[in-house]
Every structure is written in structure tokens, then in C-alpha cells.
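Each value in this text was obtained by applying a stated rule to the coordinates, not by laboratory testing. Note that this is a predicted model, so its numbers are computed, not measured. Here the Cβ is made from the backbone with ideal geometry for all residues, glycine too, and neighbour counts use every protein chain on show.
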Amino acid sequence: MVKEDEKVIPVRVVLRCRPLVPKEISEGCQMCLSFVPEEQQVIVGNDKSFTYDFVFDPSAEQEEVFNTSVAPLIRGIFKGYNATVLAYGQTGSGKTYSMGGTYTADQEHEPTVGVIPRVIKLLFQEKERRLEWEFTLKVSYLEIYNEDILDLLSPSRERSQISIREDPKEGIKIVGLTERDVACAQDTILCLEQGNNSRTVASTAMNSQSSRSHAIFTISIEQRKKSDKNSSFRCKLHLVDLAGSERQKKTKAEGDRLKEGININRGLLCLGNVISALGDENKKGGFVPYRDSKLTRLLQDSLGGNSHTLMIACVSPADSNLEETLNTLRYADRARKIKNKPIVNIDPQAAELNHLKQQVQQLQVLLLQAHGGTLPVSINMKPSENLQSLMEKNQSLIEENEKLSRGLSEAAGQTAQMLERIILTEQENDKMNAKLEELRQHAACKLDLQKLVETLEDQELKENIEVVRNLQQVIVQLQDESAACVAASMEAVAEMANSEQESDAQAETSQDSKRSPDAFTTQHALRQAEMSKALIELNKALALKEALAKKMTQNDSQLEPIQSQYQTNIKGLESEVSSLQKEKEELILALHTAKKDVNQAKLSERRRKRLQELEGQMNELKKKLNEQSKLLKLKESTERTVSKLNQEIREMKNQRVQLMRQMKEDAEKFRQWKQQKDKEVIQLKERDRKRQYELLKLERDFKNQANILRRKTEEAAAANKRLKDALQKQREVVDKRKESQNRGMEGAAARVKSWLANEVEVLVSTEEARRHLSDLLEDRKILAQELLQLREKGEAGETPPLKLRVSDTQGVIAESYTHSLSPYCYTGSLLFGSVKSYDE
Ligand code: ADP
Ligand code: MG
């Protein structure tokens, strides 16, 4: 807190501008105030500026307002100063909000808590710190309505006899007012709540009374030093929620209302006069009109005593309240002019707070980014840029993915068709082969026609047989060709499988960007690709199996001639063996008979040898026989394998057909789905077209209305000009009158006449300007509602051109407001004067 000279009592003025309230926003009101925070300056429209001790723009929180402007005042209390905080402003400008006049205990931890509860809290905190002091605190809460004082803490709520006495020693005393002793913050808050409740009850009983009454919450503090009884202070803290400063509308100013209005304005005007009188250096020690109203009498102690006084001037930023706002600004400015040495009082705490807040915000952004995994790549790069480029990249990737999956789906479809054709051809081929085999097996083919031709005599028959022989050859050739064909098709299938695998690998890379709007299409394509891949693999396996089976049967057929040869061999060998056996037996018999004959010994020897030879031959033959039977067994086993293979091949073919069918079904499903989606898209487009049309129509209407508004604005501007001229003339006349006053009474009648005429013109012009203004405000209210509707529709339809148009029309309104600002200035200044004269 800045040290102040004890003798100079500066009334500090805080300007507080609340945010636009929803009602004002919905009526299309614009901010008509701008702020220069470093300079504590507020600018009205674009020319008039006012400077105060503190200026709080709409973003200022209660805590900031309190800490910056009110808290130093409270600390001053402990030095023995009286302190007063006054909230001034039109109804709805945020006086009660700022003062915390509707405080309830549930609000305790909310940031919207106003001045009074915060003051109480701080007061008791400070009190706790001052252990060497003894304190007695008392609280009273009253309301001034129609120049009557109502005790808000009185248990009976009846109008007790309250009167104001001036004690030469103790200053102003209110006799009969309830004073509650409070020991802690809770007690005090309880009193505040009780009083607030009484106020609210009263306001429901008497319509909008709260804005027509002044409420004063007073805390009286006695402090004595425990060690030094002589050192004691007795001071008061007044926290005042003044009545609305708005001018009473002429239409309402009748009867009680008129009286009420006069009374409210009297209090405020007297306050202003008192402030002026106190602040005027020339009138120092002069008469101060405290007695003109109860308000000023009650505040007499704190205005002009050892008090710090703070006025919180509350204003609405809406241009529809400009007149009242200007009045408030002027009033506050007058209050501030009490001292011509403005106190530069920048609170380092608030600055630090702001700085820290900013830092916290920055850190929060960084944190968010870190959480989102999008930490800026380089520190120089702005995060938003980074995000932008990422978004673009993502978009292009999504598009590419869409394209690719479309391609994939087409390719998969083609593959499926081709595969189907292949399968069909293969089936045909199989049938043909079977036929061919049949033909080959046909008896006709087995005839040895060559021999027949040679033996036959008949020429005709010969020719016929020749034809049949040719046919035989053709059949054999055909078979060879078909074998070659099968081999070629197998290679083709294998190749296709390879290429499919490649494309599949590509498809897989784009798989994770499945979030594209055509996710279903992509999925379908991938599924189809998967299935065709499976099909191709099956085909490949099938081809391999078929090749194997073929080879085996081929081997078999190669074995066949050998086998038959062997069989004949076996037969020959067997007969040989049996003949040899017979010979052997004969020989044995001969040998027996020959034994008796010695001469025949030689012969028998030869025979024995022969017998041995024969036995050797027989053994050999038997071995051969064995081998041959083994071979036969082998053949049987290969035959079994082949048949098993064939079985497998059949199964695989079945599987293939099933897969094919599944693929087809899937494709069909997809086709149906797509058809339906296409239909939906068409419907949506149609709806969009309709909405566009509607929008256009609305836009057209809106334009028309905007034109009307423009015309009205122009009219208003013209009225303005007339008013200006009239005012100019009025001034001229005044000047002239001053000049001619010296010239005596001659022409007095003429002067009075022209003066009257001018005066009348000024009044007429003023009224006209006012009427135009209220018309414009009304029109704008309607337009703003339409604008809102249009904007909602525009946003739903995402049509950016409309937004542009909307801002155009906002421009028209803004323009009309700069026009209407000038009559405000005039009417505003006139008004202040008229209120004054009213009262006089
Ligand atoms: P007054 O007492 O001057 O007639 P109020 O304090 O009742 O006005 O305020 C009118 C409305 O404006 C209330 O709804 C209040 O919540 C709101 N208001 C006033 N000041 C602010 C502010 N600084 N921030 C947000 N809302 C505010
Ligand atoms: Mg209020």
C-alpha cells in the first residue's frame, strides 16, 4: 500500500466492467468499451477515454478485484482508519455481485464470492495475527429505502424506531439499530446471510426493491493494545451496495415510483455532491451537504474522516446500456477528481499472479501436447503448425488409403472372376480327360490295325481301317497335348500366387489406417484379398498334388509293360521249373535203375552232374520269381497312395468351390451394402440441397432486413445531425445573449422568442434521436435472434460463405451504432443535467 499523507483523503475509484450477460448477447449487443490495462484506462466507443485508479475488464475475477483494490483498505483499518467501499452503477451492472450481497455459505469455496465475505475473512485473519491486541467487533446491516432506514438484522423485521444522532465525540450514531457482537468470521457471515435473506424477502414483497434501496453492512472495530491500554482505536468499515443509478424512465415516474426515483437519485446525487465538496481544494473546510440525505449522513464518518474510501463503479459493456455507462463513468470520474494527484498503485502481486497464470497456461498446453504424443519436433516450430502439417499428412494418407483399397477391391474382384473361370475350365478339362481316357481304353484303340490292313484284301475296308487308325493317332496326340496344357496352367497358377502375395504385402501396409470413412469398403477389399489368396494357395497345393498323382500313375504305367513281361517270364520260368523238375525226377529214376548196371556208371555220373545243374537253375529261377512278386507288392502300394492322393484332390476341389462360393456371397453382400449407401448419399445430397435453398431464402430475408436497418440508421444519423445543429445554435444563442445582456432590455422579447424556439428544437431533436435509437435497438434485438438462427443453420450445414455474410451484417449494425453513439453522448450529457434539474 502506498503511504498517504494523513491529511489528504483520496477516494480511490475502481472501474469494474462485467462480461456481457446471456440476455445481452442474445439481443446482439456489442461491447462498447475497450480497455488499456497498463494505463488503467477505459475507452468508450472510439474516442472518449476515462482513467481510474484501477480498471478491471470483464475477465477480472473477484479475487483479483479484492486483492488489488479492497485488501489494502482492510489492512488500513488496523491503523485506525475508517474505511468505506461503495458499489455504484446502474441496475444489473454487477454491484451486488461485486459486493457479495447474495452470499450464502454454500458459495464458500467458489471463485464468485464477492467483497464482503472476503473482507470478513481477511479481517479475522489479520486479527488472529495481532496477538498483542484486543478486539471487539460489532456488525450491523441496514437498508435505506425511500429515505427510511430498515434494520436488516432486527429479529422482528418491524420498522423499529431508528434515528440518526450526531455525537460530537463519537460522530454519527444510529439509535435503535441492532448491533451484533461477533467473535469469529462465521458469526459475521451468519449476520450477512441473515441480512441478505431479509433483503431478498423484502424484494419479493416489493417488486425489485433491492435495486431501489441502498444496503450498508457495517463492521465496527475496537482495538486496544493489551500492554498499553491507552493505545486504542475505534473505527468503522462500511460496505455499501448502492441502489441502481439508472434514470427512472419517464413512463414509470408517477406516484410512488416517482417519489422512489427521486429518493434514490437524491441519495446518489447527495453522495456526489458530498464527494465533490470534499474533493474541491478551494472549498477545503467549507460546507459539506451531508444532511441532504440519509445516505450521506450515515456515511458522514467515513467521508471526510480518517477514512479510506473506495468506489467500485460497475458498468455493463453492452452498447444498449451506453447512456447509463457514460453516466456512471462521469460520476466515478467526478468522485476521482477529489484528488488531483492520482495514486499510481500497481499491485506487484496481481502482476505476478498474471505472469504465473500465463506460465501455468503455457505449461498446461505443453503437457497436453505431451499427453497427446505430439510434442513439437523443433522448439522453433509452433505446436499449432506442427499439428497442422500432421493433420494434412494424415488427410493425404487417408485419401491414398481409400484409393488403394478401392484398387485392391477391384483387383480382388477380378482375381475372383478369373479364378472362377479357371476352376470351371479345369472341371471341363477333367471331364474331357476322362472322356479321352475312355476313348483310349476303348477296344477300337487296342486293335492292331496295321496287321489288319496287311491281312485284309478288301480295299474299302482297308480305307476305313486307315481312317480309324488316324483317329487312334489323333487320340494319342490329344492326350499328349492335354498333359502339356495341365503343366502350363499349373505354372500360371503358381505365378499368380506369387504376384498376389506381393500385392497382399502392399495391402497389409495400408491396413492400419482403417479409420477412413470407407472403412467398410477397405475391410471388404481386404477380406476379398484374403480369400482369393487362400484360394490361390489352395490351387497351388492342388496343382502340386495333381502333379504328384500324375507322376505316380505315370510311373505305374511305365511299370506295367515290365510287369506283364515279368508275368510272362514268371510263367515261362515256372513251366521251365516244372519241366526241369520232371527231368530231374526222370533222372533220379534212371539213376536208380542204372545203379545195378556197372556199365552205366559213367552215364549215371553225367546224369548226376546234369541234376546238379538243374537244381542250380531252379534256384535261380525261384529267386527271380521272388523279386518279381516284391515288385508287384510295391506297385500295389503306389496304387493305394495314388488313390489316396486322388481322394485328397477331390476334397480340395470341393473346398475350393466352397471358398469360391463364399467369396461370391461376400461380394454380393458388399454390392448390396454399397447400393444402399449410395442411395443414402443421394438422399442426403437432396436434403442438403433443400437446406441450402432454405438458407438462401433466409439469407435473402436477412439482407432485406439489414437494408431496412441501414435506412433507419441513416435516418438516425440525419436526426443526430439535426440535434447537433440545434445544440450548436443553442450555444450560439447563449453566447449572443451574454453579449447583448450588456445592451439592456431592447429586443428582449425577440431574444426570448428565438431562445425558446431553439430550446424547443433541441428538445424535439433529442426526443427524435432517442426514438430512433430505441427503434434501432429493438430492430437489432430481432435481427440478432435471426442471425443466431442463421448461424446455427449455417454451422450445421457448414457453409462458410454464410458466415462471411453474417459478419457483413454485423458490420452494418456496428456502423449504425457508431452513428447512434453520438446522440448517446448528447442525450447522456443532457440527461445528467436534467436529472439534476429534476431534483432541484
Ligand atoms: P446489480 O446489483 O448492479 O443490479 P447484479 O450484481 O445483480 O447487478 O448483477 C447482474 C447480473 O450480472 C447477475 O446475474 C450477475 O451474476 C452478473 N454479473 C455481474 N457482474 C459479473 C461479473 N463480474 N462476472 C460475471 N457475471 C456478473
Ligand atoms: Mg443489486
Across the stretch 104-120, in residue order, what do the Karplus-derived ³J(HN,Hα) couplings come to in whole Hz, using 6.51 cos²θ - 1.76 cosθ + 1.60 with θ = phi - 60° and x for Gly and Pro? 10, 4, 5, 6, 2, 9, 7, x, 8, 4, x, 4, 4, x, 5, 4, 4
Ordered by fewest other Cβ atoms within 10 Å, a rough proxy for footprinting exposure, PHE520, PHE50, PHE135 read PHE520, PHE135, PHE50
Listed by chain and number, the residues whose amide H is under 5 Å from that of CYS314, excluding neighbours fewer than 5 places away on the same chain and using placed H, are ARG16, TYR88, GLY89
Net charge within 15 Å of ILE43 by Cβ-Cβ distance, Lys/Arg positive one each and Asp/Glu negative one each, not counting ILE43 itself? -4
Give a residue-ordered list of calculated ³J(HN,Hα) values for the stretch 778-795 (Karplus: 6.51 cos²θ - 1.76 cosθ + 1.60, θ = phi - 60°; whole Hz; x for Gly, Pro). 5, 4, 5, 4, 5, 4, 4, 5, 5, 4, 4, 4, 4, 5, 4, 5, x, 5
Neighbourhood net charge (13 Å Cβ-Cβ; Lys/Arg +1, Asp/Glu -1) for GLN417: 0
